[in-house]
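S.K.: My questions all concern the structure below.
The values are calculated or read from the model by the stated rules, or taken from the named source; none is laboratory data. Just so we're clear, the structure is a prediction, and the values are computed from it rather than from any experiment. Neighbour counts are summed over all protein chains in view; Cβ atoms, including those assigned to glycine, are modelled from backbone coordinates with ideal geometry.
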Amino acid sequence: MTIFYFALKRSFGNLTNLIFLSLTPIVCIFFPVGEYWPLLPYGYQYYGIVILFAAIRLTSLILEDRAKGVIKRLSVAPISYFRYLSQNLLAYSVILIIQCAIVVGGGLIWGQELYQPLSLLILYISFSFTALALALAWITLYRNKDSSFLVYMALIFLVVVMGGVMIPLEMFPDLLKRVAVLLPTFWLSEGLNWVANGDDATDFLLINGVLWLYTLIFVVIGSTRRMQ
């Protein structure tokens, strides 16, 4: 598990990552509750955005390795590409899961109304895996870390707005509502609504199932070995 521990250490190796991964989730705990929408406190509605940014920050380290030729050297090293990738993703997953636990647990301690905290934690974890897989698939399109991150920020803004995380879907025309169903953020938004209002467990299972389906698809795309 040497790669796993190295990936954990490296993830906090620069000040930007340290601040973003450590402090941003804590800040979300203290956001107030919206007067009409969202039903959950603002920090919990928007925490999905933090997850998306954290995922691309973490997976960009893999892109950095590719640019430095580390991936290419694995072909002659006693470490397989599968082992390298899986242990890096495992390390990133642990970081995001701990973040999710801090956000939900901290909210309970602070006294936030989270309705169904365990379900909320499960939803965040499912979305964290989807975000990691999406970011992994995204970086296969780029060789430069900075350009990948900048374009991805614009993509995040688009999927967050269209997915109903920042703006209620009821405000969108019918065409955009149908398009929104194709976005992972739509299912996060649906999951948050279920946490606040839902009572049918089947709906919650469906929401998480779709997120895990996205995860599988993006992992398959993103795990394709890129030697260049």
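S.K.: Here are 114, 74, 89: which of them is on the phi < 0 side of the Ramachandran plot and free of Cβ contacts under 8 Å to residues at least 24 places away in the same chain? Even if it seems obvious, please write down each step before you answer.
M.R.: Values: 114 fails: free of Cβ contacts under 8 Å to residues at least 24 places away in the same chain; 89 fails: free of Cβ contacts under 8 Å to residues at least 24 places away in the same chain.
Only one candidate qualifies: 74.
S.K.: Which residue pairs have Cβ atoms under 6 Å apart, sit 6 or more places apart or on different chains, and have a first residue in region 154-176 that is surrounded by 13 or more Cβ atoms within 10 Å (Cβ to Cβ) and a second that is of a type in the set (Ser, Thr, Tyr)?
M.R.: Hits for this filter: 159/185; 160/185; 163/185; 163/189; 164/189; 165/185; 165/189.
S.K.: Does at least one position in region 46-66 carry a residue that is surrounded by fewer than 16 Cβ atoms within 10 Å (Cβ to Cβ), of a type in the set (Lys, Arg) and on the phi < 0 side of the Ramachandran plot?
M.R.: Checked against the condition, which is being surrounded by fewer than 16 Cβ atoms within 10 Å (Cβ to Cβ), of a type in the set (Lys, Arg) and on the phi < 0 side of the Ramachandran plot, region 46-66 yields no hits at all.
S.K.: Kindly check whether there is at least one residue in region 159-182 that is over 25 Å from residue 33 (Cβ atoms) and under 14 Å from the mean Cα position of the chain (by Cα).
M.R.: First, pick out the residues of region 159-182 that are over 25 Å from residue 33 (Cβ atoms): 173-179, 181-182.
Of the ones still in play, those that are also under 14 Å from the mean Cα position of the chain (by Cα) are none.
Checked against the condition, which is being over 25 Å from residue 33 (Cβ atoms) and under 14 Å from the mean Cα position of the chain (by Cα), region 159-182 yields no hits at all.
S.K.: If you scan region 1-24, which residues turn out to be in a helix (DSSP H, G or I), of a type outside the set (D, E, K, R) and either exposed (fewer than 12 other Cβ atoms within 10 Å of the Cβ) or in contact with a strand residue (DSSP E or B) (Cβ under 8 Å, 6 or more places away or on another chain) (or both)? Step through it out loud before you land on a result.
M.R.: Kept after step one, since they are in a helix (DSSP H, G or I), are these residues of region 1-24: 2-11, 15-24.
Next, only the ones that are of a type outside the set (D, E, K, R) stay: 2-8, 11, 15-24.
Answer for region 1-24, where residues must be in a helix (DSSP H, G or I), of a type outside the set (D, E, K, R) and either exposed (fewer than 12 other Cβ atoms within 10 Å of the Cβ) or in contact with a strand residue (DSSP E or B) (Cβ under 8 Å, 6 or more places away or on another chain) (or both): 2, 5, 15, 16, 19, 23.
S.K.: Ok, one more. Given the condition under 24 Å from residue 22 (Cα atoms) and aliphatic (A, V, I, L, M), answer yes or no: does some residue in region 136-147 qualify?
M.R.: Within region 136-147, one or more residues are under 24 Å from residue 22 (Cα atoms) and aliphatic (A, V, I, L, M).
S.K.: Could you please find all residues in region 199-218 being more than 20 Å from residue 89 (Cα to Cα) and touching a residue at least 60 places away in the same chain (Cβ under 8 Å)?
M.R.: Once the filter is applied, which keeps residues that are more than 20 Å from residue 89 (Cα to Cα) and touching a residue at least 60 places away in the same chain (Cβ under 8 Å), region 199-218 yields 204, 207.
S.K.: Yes or no: region 64-85 includes at least one residue that is in a helix (DSSP H, G or I), at pLDDT 90 or above and not hydroxyl-bearing (Ser, Thr, Tyr).
M.R.: yes
S.K.: Can you tell me which residue in region 201-228 is surrounded by the fewest Cβ atoms within 10 Å (Cβ to Cβ), limited to those that are farther than 15 Å from residue 133 by Cα and at pLDDT below 90?
M.R.: Among those residues, the one meeting the criterion is 228.
S.K.: Filter region 168-194 down to the residues that are over 17 Å from residue 123 (Cα atoms), touching a helix residue (DSSP H, G or I) at 6+ places or on another chain (Cβ under 6 Å) and not small (Gly, Ala, Ser) and list them by number.
M.R.: 169, 177
S.K.: Among the residues of region 179-191, is there at least one that is polar (S, T, N, Q) and closer than 25 Å to residue 60 by Cα?
M.R.: Kept after step one, since they are polar (S, T, N, Q), are these residues of region 179-191: 185, 189.
Keeping just the survivors that are closer than 25 Å to residue 60 by Cα gives 185.
Looking for residues that are polar (S, T, N, Q) and closer than 25 Å to residue 60 by Cα, one finds at least one in region 179-191, hence yes.
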